[in-house]
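Written below as structure tokens is the structure these notes are about.
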Amino acid sequence: MTAAWETTQTVSAPGARPRALIVSLYGLYARPHEGWLAVASVVRLMADLGVDGRAVRSSVSRLKRRGLLQPEKVGRAAGYRLTAAGQDILAEGDARIFGRRRGTVADGWLLVTFSVPESERDRRHLLRAQLTRLGLGIVGPGQWIAPAHLEAEVVTTLERAGLRGFTELFRSRHVPTRPVREVVRTWWDLDALDAVHADFLERFSPVRDRWTAEPDGPDVRAFTDFVEVVTAWRRLPYLDPGLPLEALPPGWIGVAAEDLFADLRGRLAARAAAHARTVTG
């Protein structure tokens, strides 16, 4: 699976924020229009989000070069449509972004082993990048691990990238010599995961508080808040791929972040879509 949707890239990187916002716009509001949005609509919606037209056009061009958007006119309107690959990637991302999948220790684990010849080191780098993007942990050299419920997603990603032949996948049950919370911490950087969830809570808890105090705010504000929430949230379910709660520290902060995202989605999604429809038609 291409990394072009930047699920794990921070929006502080140059040019990343406009691209990330455009991805959110297409994911949320283009698919009801068969994946197409007029350039004028994208520019206007992005202006609501504080991004100027020049940055929008530059970011759209980058997504086009990466094979995820394609130019297409509808009537006299110039626009861009999601490619088939873009549609597939967004559909697969829906389960991660809007679902609340979380494994249990009893479900077991998916172990991915790989061996790539030195003559194909670029493929080795790509393979590692794909497994990292999917949120797998590292057990040891050439050994990666994920909650078992990610099996279909991992297989699809490896097949799409032409990497399946370098890998072997096993459904496994861990027989620990140490407490599971201790060993999982060696596979994933839980301190880093804690920090990104804390950042999300710090940034968007005030948004929930404002909408609690002012539940009838304008649709354009619901739109800007919701798109920002989705854009910030989109990477978190990939960094934490639904790890079992019994393998995480007690009172795992990710649950509070999930609750906040679900609450804001319930408050804002319909209002945000109403504003988008006034622009896209």
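What follows is calculated from the coordinates using simple rules that are stated; it is not laboratory data. Predicted model only: the values in this text are computed from it and were never measured. Cβ atoms come from the backbone with ideal geometry, glycine included; neighbour counts cover every protein chain shown.
Report, to two decimal places, the Cα Rg of region 189-280 normalised by 2.2 N^0.38 Å (N = number of residues). Intermediate values should be presented prior to the final figure.
Details: Rg = 14.6 Å, N = 92, 2.2 N^0.38 = 12.3 Å.
That ratio works out to 1.19.
Peptide packing for 134-144, 236-246 was compared via the average number of neighbouring C-beta atoms within 10 Å per residue; ordered from the highest value, the list is 236-246, 134-144. Structural size metrics of region 16-92, computed from C-alpha coordinates, are Rg and Dmax of 11.3, 32 Å. Taken about its Cα centre, the chain carries a charge dipole of roughly 920 debye when the Cβ of each Lys and Arg holds +1 and the Cβ of each Asp and Glu holds -1. Computed extension gain for Thr177 through Arg203, at 0.36 nm per residue and net of the alpha carbon distance, reaches 5.4 nm. Diffusion coefficient (Stokes-Einstein, Kirkwood radius over C-alpha pairs, 10 °C, 1.306 mPa s) for the chain: 79 µm²/s, rounded to a whole number.
Prolate is the label for region 109-172. Its Cα gyration tensor axes, ordered a ≥ b ≥ c, give a/c of at least 1.5 and a/b above b/c.
Using the Cβ-Cβ distance between Ala274 and Lys73 with R0 set to 22 Å, the FRET efficiency from 1/(1 + (r/R0)^6) comes to roughly 0.25. Inter-label distance, Asp94 to Gln143: 3.8 nm, where each label sits 7 Å from its Cα along the C-beta direction. Between amide H atoms placed 1.01 Å from N, distances below 5 Å from Leu69 occur with Lys64, Thr83, all of them 5 or more places distant or on a separate chain.
If we sort 251-259, 20-28 on the protection proxy, mean other Cβ atoms within 10 Å, highest first, what's the order? Please report the intermediate quantities before stating the final value.
Values: 251-259: 17.6, 20-28: 23.9.
Per-residue Cβ counts within 10 Å, averaged per peptide and sorted highest first, yield 20-28, 251-259.
Please sort through the DSSP H helices of the chain and keep those with an alpha-carbon extent of at least 27 Å along the long axis and a Kyte-Doolittle average not below 0.0.
Values: long enough: 190-213 (34 Å, -0.23); 253-280 (37 Å, 0.34).
Length and hydropathy pass: 253-280.
Using the Cβ-Cβ distance between Ala84 and Ser61 with R0 set to 25 Å, the FRET efficiency works out to roughly 0.80. A Förster radius of 51 Å, combined with the Cβ-Cβ distance separating Glu120 from Ala47, puts the computed FRET efficiency at roughly 0.65.
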